[in-house]
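Before any comments, here is the structure.
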There are 2 protein chains.
Amino acid sequence: MQDVLSGLRIVEGSAFVAAPSGGMTLAQLGADVIRFDPIQGGIDYRRWPVTENNESIYWHSLNKGKRSIAVDFKSPEGRELLTQLITAPGDDCGLFLTNFPAKGWLADEKLRVHREDLIYLNLTGDRHGASALDYTVNSRLGLPYLTGQGQANEPINNPLPAWDVIAGQHIAIGLLAAERQRLRTGKGQFVKLALADVALATMGHLGYIGDVMVNQMARKPIGNHIYGTFGRDFKSRDGGRVMIVGVSANQWQAILKVTDQTEAVAKLGKKMSLDFDREGDRYLGREEICILLEPWFANQDLAPLTAQLEAAGVCWGKYQTVSELVATDPDCSTENPLFEEINQPGIGTYLMPQNPLSFTAADRGPVRPAPRLGQHTDEILADILGLSGSEIGRYHDAGIVSGIVSGIVSG
Amino acid sequence: MQDVLSGLRIVEGSAFVAAPSGGMTLAQLGADVIRFDPIQGGIDYRRWPVTENNESIYWHSLNKGKRSIAVDFKSPEGRELLTQLITAPGDDCGLFLTNFPAKGWLADEKLRVHREDLIYLNLTGDRHGASALDYTVNSRLGLPYLTGQGQANEPINNPLPAWDVIAGQHIAIGLLAAERQRLRTGKGQFVKLALADVALATMGHLGYIGDVMVNQMARKPIGNHIYGTFGRDFKSRDGGRVMIVGVSANQWQAILKVTDQTEAVAKLGKKMSLDFDREGDRYLGREEICILLEPWFANQDLAPLTAQLEAAGVCWGKYQTVSELVATDPDCSTENPLFEEINQPGIGTYLMPQNPLSFTAADRGPVRPAPRLGQHTDEILADILGLSGSEIGRYHDAGIVSGIVSGIVSG
């Protein structure tokens with residue numbers, strides 16, 4: 001945790017990746033983020049990867065640094081408690097984030113009765129409020145047809161739920177922007193965000209939509225090349241592989257120099273009537289350029305090869321599996337201040353990241369693990385809602401709230 | 001533009017995707033974002049996709065809503081002007097964002113002399129300050145080996161520069177968080193962010209690192225299945241294709257019901273000793289489940305098929321190319337309030353997105369196109385730096401600043 005946002009409090013009712021990662025971003029920057037869940041856990045509480053005890057590494061990874069309150073919000077009393085929590089008074093409170101439907105007791109007008117300057121951010125699947133997931137959004141965008149070699153017109157899905165992660169960051173931005181405005185105008189507001197719109201907007205920002213509308217371009221899959229410039233993977237003699245990129249003039253010259261192909265590539269450019277000082281022309285000549293470069297990579301082992309790339313200032317990256325990343329990459333270890341080895345109750349000790357932003361005027365505390373479900377129920381009811389010990393006990397007895405439930409819940 | 005951040009000013013010196021998209025996010029939320037560039041344009045000014053006149057759709061898409069000042073910052077006078085601009089006084093100013101090296105005239109201590117409470121965010125490739133691009137970061141993470149069917153151990157790159165986009169959102173969050181803190185403490189600060197750290201942190205947040213460290217799991221590529229739950233693509237009789245997901249119980253039941261496979265799948269579960277009410281078990285039985293479901297999809301055309309999916313409440317998405325998305329999807333048209341058809345000077349009229357966040361307490365103005373390079377040079381020098389017309393003229397004559405350069409610059 002870094003304390004750049006200390007003092008700010010957000011209540012979160014969420015599931016899956018996007019909304020929880022938005023809340024976690026704010027928690028890792030020092031905000032007090034309170035996630036509420038049903039007593040047995042929400043719909044994402046057993047999401048894979050899980051341990052052999054069916055504890056979710058996924059859930060715990062996405063809820064680091066939050067507090068947890070477990071409430072039966074099918075009951076009217078549970079809803080009343082959460083309504084109080086969401087709309088609790090205070091200048092730095094009154095921010096609510098959810099991907100649950102903004103209907104019934106979670107309708108904006110229902111909550112806003114209790115706090116007029118509430119900042120309420122609601123994430124939906126699409127703009128009509130229908131459900132959509134990263135995978136059903138991604139299929140619509142055309143990217144799976146541009147992935148890989150495009151053999152037999154078979155689309156290839158992205159294993160990274162990129163839209164979820166990007167939406168999570170939008171959520172953090174939306175809350176911070178609305179809170180900034182509230183401080184200046186006194187006004188709260190309802191903020192809407194649809195996962196599908198995040199993806200569509202990004203396709204516009206990256207020029208995909210313009211390329212079709214202005215150029216009538218129907219892009220084809222190009223394997224591991226980079227669109228519009230020079231970049232591709234190359235294999236070493238011992239089966240290693242590197243990604244090489246020559247976007248800038250310096251990067252491009254470094255590639256030619258280290259592979260000793262400056263003259264041969266210049267000759268190729270003349271033959272193809274292309275000017276490889278222009279990155280677009282490097283793209284047009286990419287296959288022929290790669291044929292010239294391949295032998296240099298294929299004729300030596302990975303270690304000496306990458307040492308030369310490094311010395312020559314080539315922009316390169318090694319291909320490795322996730323297991324290799326974890327086992328051997330110093331940047332994925334406590335050598336990198338980004339990471340700490342933390343004990344996650346219920347899971348065990350493993351490497352957990354901070355938020356990658358690093359602030360010189362904020363104190364950097366330890367990475368905080370995820371809460372156990374219901375771990376902070378009593379302290380939240382006492383400290384924020386001001387309930388007495390006997391009142392809290394009554395809610396427990398009635399099954400409306402719960403602390404940590406031990407043992408394994410199947411799901 | 002929405003005016004939720006109106007009043008805030010950020011100066012940006014940037015190139016490529018991450019830093020420009022961070023600035024654009026703030027610009028589309030109403031901040032005054034001033035991008036400075038060399039007089040002939042920066043390293044990304046001709047990045048593909050380009051028009052037939054070599055105008056970059058990419059550059060213009062990533063700089064919507066900003067102001068542009070063109071300055072020769074190889075000259076001492078140009079550096080002095082930009083230093084003044086970056087450190088100009090005012091409560092809502094003094095925020096600087098760059099992915100240029102924080103060295104020389106852009107060293108934090110050089111700039112901070114002029115404004116002690118400057119908020120300076122610097123994006124680097126990796127944490128050591130070395131260059132890295134989305135593609136060279138992605139190869140290290142293991143995701144290319146988990147993409148597609150994994151035939152012959154060939155990694156497949158992601159055509160979406162997801163890490164750049166995610167880093168851009170982190171940049172916006174970092175600036176807003178630091179500005180919030182400055183308002184409360186009076187302190188400015190230097191904020192560091194490395195593209196590689198953004199990617200590594202995300203791998204941690206999504207459970208990839210924990211799955212290796214806790215479970216010793218070496219994931220294999222699984223084609224278009226979703227890890228840990230039920231989801232895959234299915235082909236229709238007429239060559240259409242849909243992505244189907246059954247994460248929640250409701251989604252799963254809807255799939256079984258619409259395909260009329262409830263009983264057959266229950267029988268399969270018994271045979272495999274799996275409980276398909278558990279999403280992890282659905283994942284373990286994914287291949288066998290798909291065999292049962294496939295005929296329903298393969299025996300009908302896409303239109304009636306998707307109508308039934310919709311009616312049954314199945315969570316699904318259609319596969320389409322980018323061209324089909326632009327030509328036929330109502331969400332990628334002005335029917336969606338996210339988009340407007342805007343004339344981009346230099347490029348033409350095409351569909352441009354707003355920021356997908358929608359605020360009820362902020363006025364929604366039109367989507368603003370990108371500036372022409374140098375379009376706002378004179379007004380910025382006059383209004384922010386207080387230069388007189390004759391002083392501005394002298395800078396022009398000396399070639400230190402420039403307005404819009406007409407004609408085509410090759411690059």
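The values are calculated or read from the model by the stated rules, or taken from the named source; none is laboratory data. Because the structure is a prediction, the values reported are computed rather than measured. FYI the Cβ positions are ideal-geometry reconstructions off the backbone, even for glycines, and counts take in every protein chain you see. SASA here: full protein model, heavy atoms, side chains in, ligands and nucleic acids out. Shrake-Rupley method; radii C 1.70, N 1.55, O 1.52, S 1.80 Å.
Find how much the distance from A:D275 to A:E77 grows on full extension, using 0.36 nm per residue of separation minus their present alpha carbon separation; answer in nm with one decimal.
Numbers: separation 198, 0.36 × 198 = 71.28 nm, distance 7.20 nm.
Difference between extended and current length: 64.1 nm.
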Using the Kirkwood formula on the Cα atoms of segment A:78-126, what hydrodynamic radius do you get, in angstrom to one decimal?
11.0
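Excluding the sites themselves, what is the longest stretch of chain B that contains no GluC sites (Glu not before Pro) in a DSSP loop with at most 11 other C-beta atoms within 10 Å?
Working: sites that count: B:E52, B:E116, B:E335.
That gives B:117-334 as the longest site-free run.
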Over the Cα atoms of segment B:1-155, what Rg and Dmax result, in angstrom?
17.9, 59
Only Cα pairs within less than 10 Å get springs; with that Gaussian network setup on chain B, which residue of B:R372, B:R184, B:R286 has the largest fluctuation?
B:R184
Kindly flag which residue pairs out of B:K110/B:K192; B:K257/B:K318; A:K235/A:K257; B:K103/B:K192 have an alpha-carbon separation exceeding 23 Å in this structure.
none
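Compute and list, largest first, the equivalent-ellipsoid semi-axes of segment A:116-200 from the alpha carbon gyration tensor, each √(5λ) rounded to a whole angstrom. Walk me through the numbers before you get to the answer.
Working: eigenvalues 238, 28, 12 Å².
The answer is 35, 12, 8 Å, longest axis first.
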Suppose every Lys and Arg Cβ carries +1 and every Asp and Glu Cβ carries -1, with no other charges. What dipole size does segment B:1-120 come out with about its Cα centre, to the nearest 20 debye?
260
Quick P(r) readout (segment A:48-87; Cα-Cα; 10 Å bins; whole %) gives 25, 31, 32, 11
Across the identical copies, how the A:E109 labels are spaced - nm, sorted shortest first, 7 Å along Cα→Cβ
6.1
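Hey, with R₀ at 30 Å, roughly what FRET efficiency would A:N153 and B:K267 work out to, going by the Cβ-Cβ distance, to 0.05? All intermediate terms of the calculation are to be shown ahead of the outcome.
Numbers: r = 34 Å, r/R0 = 1.14.
Once the sixth-power term is evaluated, E becomes 0.30.
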If I model a spin label at B:R237 and A:L183 as a point 7 Å from the Cα along the Cα→Cβ vector, what separation in nanometres do I get?
6.2
Taking the convex hull of the alpha carbon atoms in the protein assembly as shown, what volume per residue do you get, in Å³?
157
Table column - 3J(HN,Hα) (Hz), segment A:110-120, Karplus curve with 6.51, -1.76, 1.60, x for Gly and Pro:
5, 6, 5, 4, 8, 7, 5, 9, 4, 9, 10
Could you compute the FRET efficiency for A:L385 and A:T349, with r as their C-beta to C-beta distance and R0 at 35 Å, rounded to 0.05?
0.55
Any DSSP H helix in chain A with Cα axial reach of 27 Å or more and mean Kyte-Doolittle score of at least -1.0? Listed by number, the hits are A:162-185
Highest-MSF residue in chain B out of B:L302, B:L200, B:L95 [GNM, Cα springs under 10 Å]:
B:L302
Please compute, for peptide B:51-59, the average count of beta-carbon atoms on other protein chains lying within 10 Å of each residue's beta-carbon.
4
Any idea how far apart B:H128 and B:K110 come out in nm if each label point goes 7 Å out from Cα toward Cβ?
2.4
Shape box of segment A:178-222 [Cα atoms, principal axes, largest first, Å]
50, 19, 16
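In debye, nearest 20, what is the charge dipole magnitude of segment A:62-190 about its Cα centre with +1 on Lys and Arg Cβ and -1 on Asp and Glu Cβ, if you could check? Mind dumping the intermediate values first?
Details: 15 positive and 14 negative charges, 38 e Å.
Dipole size: approximately 180 debye.
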Which distances, shortest first and in nm, link B:R364 to the matching position in the other copies, using label points set 7 Å out along Cα to C-beta?
4.1
Per-bin percent of Cα-Cα distances, segment B:110-149 [10 Å]
23, 29, 23, 15, 8, 2
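Ignore the peptide's own chain and count Cβ atoms of other chains within 10 Å of each Cβ in B:296-307; give me the average, rounded.
Going residue by residue through B:296-307 and averaging, the value is 0.
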Report the semi-axes of the equivalent ellipsoid for segment A:300-397 in whole Å, largest first, where each axis is √(5λ) for an eigenvalue λ of the Cα gyration tensor.
47, 16, 9
Rg/Rh for chain A: what does it come to with C-alpha atoms and Rh from Kirkwood?
1.05
Across 10 Å bins from 0, what is the distribution of all Cα-Cα pair distances for segment A:249-344, in whole percents?
13, 36, 25, 16, 8, 2, 0
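Given a 1.4 Å probe and every protein chain left where it sits, what share in percent of the accessible area of segment A:313-410 is carbon and sulfur? Walk me through the intermediate numbers first.
On the way: 2050 of 4230 Å².
Carbon and sulfur atoms account for 49 percent of the accessible area of segment A:313-410.
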Contact order normalised by length for chain A, with contacts defined as Cα pairs under 8 Å and 6 or more residues apart; what percent is it?
21
Ignoring ligands and nucleic acids, what accessible area does A:H60 show with a 1.4 Å probe (Å², nearest 10)?
0
Dmax and Rg, reported as Rg then Dmax, of segment B:304-356 (C-alpha, Å):
14.7, 47
Calculate log10 I(q)/I(0) of segment A:89-234 for q = 0.13, 0.14, 0.20 Å⁻¹, where I(q) comes from the Debye formula with a single equal point scatterer on each Cα and nothing for solvent.
-0.71, -0.78, -1.20
I need the fraction of alpha carbon pairs in segment B:1-67 separated by more than 14 Å, rounded to a whole percent.
55
Taking each label point as 7 Å beyond Cα in the direction of the beta carbon, state the distances from A:G7 to the same residue in the other copies, shortest first, in nm.
1.6
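Tell me the volume per residue, in Å³, of the convex hull enclosing the alpha carbons of segment A:156-284. Can you show the working numbers first?
Details: hull volume 25.8 nm³, N = 129.
Cα convex hull per residue, to the nearest whole number: 200 Å³.
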When N is the residue count of segment A:217-266, what does its C-alpha Rg come to as a fraction of 2.2 N^0.38 Å?
1.30
Suppose R0 equals 45 Å; then what is the FRET efficiency for A:N53 and B:Q84 from their Cβ-Cβ distance, rounded to the nearest 0.05?
0.15
Given C-alpha coordinates of segment A:342-411, what is the ratio Rg to Rh with the Kirkwood estimate of Rh?
1.10
In square angstrom, what is the accessible area per residue of the protein assembly as shown with a 1.4 angstrom probe?
36
